[in-house]
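Let me begin by presenting the structure, written as structure tokens, before commenting on it.
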Amino acid sequence: MITGVHAIVFSKDAEGVRAFFRDVLGFSSVDAGDGWLIFALPPAELAAHPTEGDGGHELYLMCDDIHATIHELSGRGVEFTRPVSDEGWGLLTAIRLPGGGELGIYEPRHASPLAEA
């Protein structure tokens with residue numbers, strides 16, 4: 001049976017992303033060998049939404065208070081790539097990862113299955 005979710009962030013600066021996850025976000029990790037450093041994440045949820053076009057995937061880190069999170073991460077030198085947008089169901093922004101990638105930050109305003117777990 002399914003026991004978890006494994007997400008991969010590809011980057012031209014994998015070492016920079018690893019340092020960011022470890023040193024800035026404080027995620028613990030294990031060295032799985034062959035260049036794979038795997039990080040433990042907070043609890044996660046998985047959503048499925050309709051689309052008009054081809055399917056795709058998005059990855060967001062969830063937070064309780066997006067403005068406090070922005071303040072804390074900005075103090076650690078994190079670059080935000082988008083202003084906060086209110087989508088009704090949640091507040092969204094994004095941060096720049098080493099190597100140029102972008103990672104969403106999300107404050108949900110909807111019921112969460114995590115509260116039920």
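Odds and ends about this structure:
- Flag if Ala7 is in contact with a Gly (Cβ under 9 Å, 6 or more places away or on another chain), in contact (Cβ under 8 Å) with a residue 12 or more places away in the chain and either of a type in the set (Gly, Ala, Ser) or not in a strand (DSSP E or B) (or both): no
- Checked against the criterion of being in contact with an Asp or Glu (Cβ under 8 Å, 6 or more places away or on another chain) and closer than 19 Å to Glu107 by Cα, region 47-63 contains one or more residues that satisfy it.
Throughout, read-outs are computed from the coordinates displayed, never taken from laboratory work. Quantities reported herein were computed from a predicted structural model and do not represent experimental measurements. Cβ coordinates were reconstructed from backbone atoms using ideal geometry, including for glycine residues, and neighbour counts include every protein chain displayed.
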